[in-house]
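Notes for the one structure printed next.
The values are calculated or read from the model by the stated rules, or taken from the named source; none is laboratory data. This is a predicted model, so every value here is computed, not measured. Cβ placement follows ideal geometry from the backbone for every residue including glycine, while neighbour counts extend to all protein chains displayed.
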């Protein structure tokens, strides 16, 4: 099996991309922050897998980035450490907004730092008669998976959609999402997961308590 085949197999629905924005999906790579085992990012290959599946980088670039990471393992580890710092800052910042709290200035600056690193590699390109954004590899191509995340965060934080950021009501879930429901009543990351578990708990407690006494 060649590297391209391995890459395609690794990206078959490995991540649940239901957050509504790339930066939100990035925070959700750690679904329950009280359980370390729910973290899906363990190394640079996982970061590549997320970026490719979420559309942050072209899947065709994955094999070359993997080879570059093998040649420069210290640099790949440094990028991965930066990715985790950015993810934590983004989670705290967006969770604060979802809870109606003031975000920490350090977390805002962490996003600013990632944005300052990313934007020099953003270019306009003309394609099929229209202008589109594209990313150039630059001097540090290993950081390519983080640049679209930083831009997505800046776009979300400066848009009206920021008011739609919610945190799942599930007891064992710290999932974030954009509430796109018409009356802004979404409570769960998914009805199939946390929503159904909450319904089951309510059903259990109703039957345990029995019918109301007259």
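Using the structure shown, decide if residue 164 is closer than 30 Å to residue 189 by Cα and touching a strand residue (DSSP E or B) at 6+ places or on another chain (Cβ under 6 Å).
Numbers: closer than 30 Å to residue 189 by Cα: yes; touching a strand residue (DSSP E or B) at 6+ places or on another chain (Cβ under 6 Å): yes.
So residue 164 fits the description; yes.
Please find, among 42, 6, the residue that is modelled with pLDDT of 95 or more and loosely packed, with under 15 Cβ neighbours inside 10 Å.
Numbers: 6 fails: modelled with pLDDT of 95 or more.
Exactly one of 42, 6 is modelled with pLDDT of 95 or more and loosely packed, with under 15 Cβ neighbours inside 10 Å, namely 42.
Consider residue 74 against the criteria (1) under 17 Å from the mean Cα position of the chain (by Cα); (2) in a helix (DSSP H, G or I): it satisfies all of them except one. Which criterion is unmet?
The number of the failed condition is (1).
Can you tell me which residues in segment 90-106 are within 18 Å of residue 29 (Cα to Cα) and in contact with a helix residue (DSSP H, G or I) (Cβ under 6 Å, 6 or more places away or on another chain)?
90, 91, 92, 93
Can you name the residue in segment 110-149 that is on the phi > 0 side of the Ramachandran plot and loosely packed, with under 10 Cβ neighbours inside 10 Å and, of all such residues, is nearest to the chain's Cα centre (by Cα)? Explain how you work it out, then say what you get.
Narrowing segment 110-149 to residues on the phi > 0 side of the Ramachandran plot: 128-129, 138.
Now restrict to residues that are loosely packed, with under 10 Cβ neighbours inside 10 Å: 128-129.
Values: 128: 30, 129: 31 Å.
Per the stated criteria, the residue is 128.
Can residue 18 be described as at pLDDT below 95 and touching a strand residue (DSSP E or B) at 6+ places or on another chain (Cβ under 7 Å)? Write out each step before concluding.
Values: at pLDDT below 95: yes; touching a strand residue (DSSP E or B) at 6+ places or on another chain (Cβ under 7 Å): yes.
Criteria met by residue 18.
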